[in-house]
């Protein structure tokens, strides 16, 4: 599933050389030493890549930033847009500084420092006055996970 | 054997006292992901004023901030960890090296686990244990956020650490404890000697368990955020008597020597090698750190 997710954003094999393990529905890149500990059912091991839930895949912060370096499918947003996006909100055209992609495509959402904040789906033309990019996942998820607990 | 007066009398008998103290927020720069300069620059641009914590390597007091530092992009990107100043010290005393195998016996919420990995430059291996299911989620989230790759986290009670079959170079035992009044405004209403004695029982079981999985001449850092001597100096006196360990001196520019006379009871002189943080002297939360060498 992690490989399919990567293919949405780049044809490059950015996972090449990684030894990927699936643990409790989560994908990790592990070292040979860490692999020996997999039978002991760890809760977290090595480099976390993301988790699957049903048909959905939720990428890790590491994977998002790795994709942001390699993929062309990305947009850049301003400070106000950054704040709204990491609060789980969709994006309006006025927040988008660098535009890329067509309706129906997935795009990574970056801030002015080229840090990946998440990804979304383009649902309207970039000159539309309503929501242009629907938030599918953002790094504010860290906080929302904590609150759930 | 409870209430503010009871504990106040105890602390005074030990040379301490209760003072109202508003702790400054503090952060630790995660040098695995950024540098001090870059982070300070970015936070300054957002109106955040930081001041170096003089007794740790990567810590800063937050002197001013218009917003919560736990909800901005720089935090979510893992550039820093919000960690109380005294709580940043045990890992510095542990002094983790990139080649080592280290056990973090009670890891939630993951501040010290991520700090250990940071010192190890994400090399070597950290085994982190946490037995409480609702707290292990926080550890995992912090490991991911801080970009930790050398750590394996298990949902396990450190008293069963031997089941891992592993022997460790170093161990951090930041033991579950009764806490202290600085970080919990209702502390005096909640705590009793009975509860403290229950903590002591668990702490001794944990000490015994981690000694069993530490290599000979290995290092164990024992810490609590408790001011109660039963959980600190008296536990160390017990460990010196019951376990194959000796205490080593901790050189720190902050904190008092461990108490060697507790309510009239003389303790081994080496207990003075430990460090005790009275909040009214250190402006930190209450804290205790001991450095144990196995033999």
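Tabulated data for the structure shown
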read-out: All positions within the range B:235-251 that are at pLDDT 95 or above, within 19 Å of the chain's Cα centre (by Cα) and farther than 15 Å from residue B:208 by Cβ; value: B:247, B:248, B:249, B:250
read-out: Matching residues, the range A:99-149, being in a loop (DSSP other than H, G, I, E, B), at the interface with another protein chain (Cβ under 10 Å from one of its Cβ atoms) and surrounded by fewer than 18 Cβ atoms within 10 Å (Cβ to Cβ); value: A:113, A:149
read-out: The lone exception for residue A:15 - which of (1) assigned to a loop (DSSP other than H, G, I, E, B); (2) in contact (Cβ under 8 Å) with a residue 40 or more places away in the chain it fails; value: (2)
read-out: Positions within the range B:42-63 being surrounded by 11 or more Cβ atoms within 10 Å (Cβ to Cβ) and farther than 21 Å from residue B:92 by Cβ, in sequence order; value: B:42, B:43, B:44, B:46, B:48, B:49, B:63
read-out: Test: residue in the range B:198-219 that is under 18 Å from the mean Cα position of the chain (by Cα), in contact (Cβ under 8 Å) with a residue 12 or more places away in the chain, assigned to a strand (DSSP E or B) and closer than 27 Å to residue B:244 by Cα; value: yes
read-out: Residue match in the range B:245-256 (condition: within 15 Å of residue B:11 (Cα to Cα) and in contact (Cβ under 8 Å) with a residue 12 or more places away in the chain); value: yes
read-out: Single match in B:123, B:112 (criterion: surrounded by fewer than 23 Cβ atoms within 10 Å (Cβ to Cβ) and more than 9 Å from chain A (Cβ to nearest Cβ)); value: B:123
read-out: Positions within the range B:150-193 being within 16 Å of residue A:37 (Cβ to Cβ) and buried (at least 20 other Cβ atoms within 10 Å of the Cβ), in sequence order; value: B:150, B:151, B:152, B:153, B:154, B:156, B:161, B:168
read-out: Unique residue being out of contact with any helix residue (DSSP H, G or I) (no Cβ under 7 Å at 6 or more places or on another chain) and either closer than 15 Å to residue B:81 by Cα or surrounded by 15 or more Cβ atoms within 10 Å (Cβ to Cβ) (or both) when the list is B:32, B:23; value: B:23
read-out: Some residue of the range A:41-51 being touching a helix residue (DSSP H, G or I) at 6+ places or on another chain (Cβ under 8 Å), touching a residue at least 12 places away in the same chain (Cβ under 8 Å) and not in a strand (DSSP E or B); value: yes
read-out: Sole residue being in contact (Cβ under 8 Å) with a residue 60 or more places away in the chain and either crowded, with 24+ Cβ neighbours inside 10 Å or closer than 26 Å to residue A:65 by Cβ (or both), chosen from B:87, B:117, B:128; value: B:117
read-out: Qualifying position, being closer than 26 Å to residue B:133 by Cα and more than 14 Å from the chain's Cα centre (by Cα), among A:36, A:11; value: A:36
read-out: Check on residue A:74, in contact (Cβ under 8 Å) with a residue 12 or more places away in the chain and over 24 Å from residue B:141 (Cβ atoms); value: yes
read-out: Residues satisfying the stated conditions in the range A:21-40, i.e. away from chain B (no Cβ under 11 Å) and out of contact with any helix residue (DSSP H, G or I) (no Cβ under 7 Å at 6 or more places or on another chain); value: A:22, A:25, A:32, A:39
read-out: Positions within the range A:45-83 being surrounded by fewer than 19 Cβ atoms within 10 Å (Cβ to Cβ) and away from chain B (no Cβ under 12 Å), in sequence order; value: A:52, A:53, A:54, A:55, A:56, A:69, A:70, A:72, A:73, A:78, A:80
read-out: Single residue of the range B:220-236 satisfying the filter (out of contact with any helix residue (DSSP H, G or I) (no Cβ under 6 Å at 6 or more places or on another chain) and assigned to a helix (DSSP H, G or I)) that is surrounded by the most Cβ atoms within 10 Å (Cβ to Cβ); value: B:229
read-out: Residue list for the range B:165-196, restricted to those being touching a residue at least 12 places away in the same chain (Cβ under 8 Å), at positive phi and within 14 Å of chain A (Cβ to nearest Cβ); value: none
read-out: Output for the range B:130-164, where each listed residue is facing another protein chain (nearest Cβ under 10 Å), over 19 Å from residue A:146 (Cα atoms) and at pLDDT 95 or above; value: B:149, B:150, B:151, B:152, B:156
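The values are calculated or read from the model by the stated rules, or taken from the named source; none is laboratory data. All of these numbers come straight from a predicted model, not from anything done at the bench. When we count neighbours, we look across all protein chains shown, and the Cβ atoms used for this are built from the backbone with ideal geometry, even at glycine.
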